């Protein structure tokens, strides 16, 4: 139960940590030779705060009370099963639902094939915020536009497919039809998922800041020399990041995406603000602006924690067994459907169960 106890310990300290950062801080960040705050190091995103404020906390406001924190501590200690399925999703929502129903639904995102158990997940950190979203103030995504709603109704994220302009393809005609994460190409940036290979390394120079993420080893090279963005006709999977300093805050503005971010169009603008307000924490604030998807921009903040852990290679490759299985399964489905289509009407009628006459 090592990780459960780690969660409890973090919960007990959460209220103090967040309360301290709200007031004026006398802590001064170390500086690089060019005089800017030193943000370098490996930073972990193992937080437990949900993106949106749970329904059960809709009247709590942005912060939990000490009593609420203690209650959540007890709930997690009661329900989290270290030997159960890995919790990749919203553990807070699972815990709140368990309080309502008495059942903690600790089920993997893919229970049919077997998966990681909770033992393999990193220890979780928690603060007393009720949501990562800080704007809108209710901790929820802003309303979708009509265009955004119509696109969301498709129910499937669009996948970039090369060479398929001549017609519609199936979801697994070839490897290029599968999501980029399945193909071990990219999880997108900025990557938000906590607790699973969710480590970042920042390296600074006066000309470039590199933000390296462990998951599929993506490195963003942020131009700090004031260069303009690329022409809108030039698109990149990770966007076109441009950086600047606003006081002691590193601001990174990214445009020119291929796929967008969080369900946006490729024309989204993502603005990140990195502020080191404590020796061991980095506030990572992200504003998403896409008038084609949401009625207003929205902002959330992730607390990254300094760690002495190293970033290791994420040895994922497109030719792995999973891709082979996905494509083989699709071909088997096609063969089954083709065989069914060739059956004669008489054979189809004979295979139907008899119905009793009235």
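The values are calculated or read from the model by the stated rules, or taken from the named source; none is laboratory data. Small disclaimer: the values here were computed from a predicted structure and weren't measured. Note that we place each Cβ from the backbone using ideal geometry, even for glycine, and neighbour counts take in every protein chain shown.
The residue that is farthest from residue 90 (Cα to Cα), among those in segment 190-216 that are in a loop (DSSP other than H, G, I, E, B) and without any contact (Cβ under 8 Å) to a residue 60 or more places away in the chain, is 207. Screening the candidates 164, 149 for the property of being closer than 30 Å to residue 236 by Cα, at pLDDT 85 or above and out of contact with any strand residue (DSSP E or B) (no Cβ under 7 Å at 6 or more places or on another chain) yields one hit, 149. Scanning segment 18-27 for residues that are surrounded by fewer than 10 Cβ atoms within 10 Å (Cβ to Cβ) and part of a loop (DSSP other than H, G, I, E, B), we see that the one that is modelled with the lowest pLDDT is 23. Any residue that is over 18 Å from residue 290 (Cβ atoms), surrounded by 18 or more Cβ atoms within 10 Å (Cβ to Cβ) and in contact with a strand residue (DSSP E or B) (Cβ under 7 Å, 6 or more places away or on another chain) - is there at least one of those in segment 258-274? Among the residues of segment 258-274, at least one is over 18 Å from residue 290 (Cβ atoms), surrounded by 18 or more Cβ atoms within 10 Å (Cβ to Cβ) and in contact with a strand residue (DSSP E or B) (Cβ under 7 Å, 6 or more places away or on another chain), which makes the answer yes. For residue 242, the conditions (1) over 23 Å from residue 51 (Cα atoms); (2) modelled with pLDDT under 95 are fulfilled apart from (2).
In segment 244-273, the residues that are free of Cβ contacts under 8 Å to residues at least 40 places away in the same chain and on the phi > 0 side of the Ramachandran plot form Cβ pairs under 7 Å with partners that are in a loop (DSSP other than H, G, I, E, B) and surrounded by fewer than 21 Cβ atoms within 10 Å (Cβ to Cβ), at six or more places apart or across chains, as follows: 256/229; 256/230; 256/232; 256/234; 256/235; 260/266. No other residue among 6, 10, 77 is assigned to a helix (DSSP H, G or I), in contact with a strand residue (DSSP E or B) (Cβ under 7 Å, 6 or more places away or on another chain), surrounded by 14 or more Cβ atoms within 10 Å (Cβ to Cβ) and at pLDDT below 90 apart from 10.
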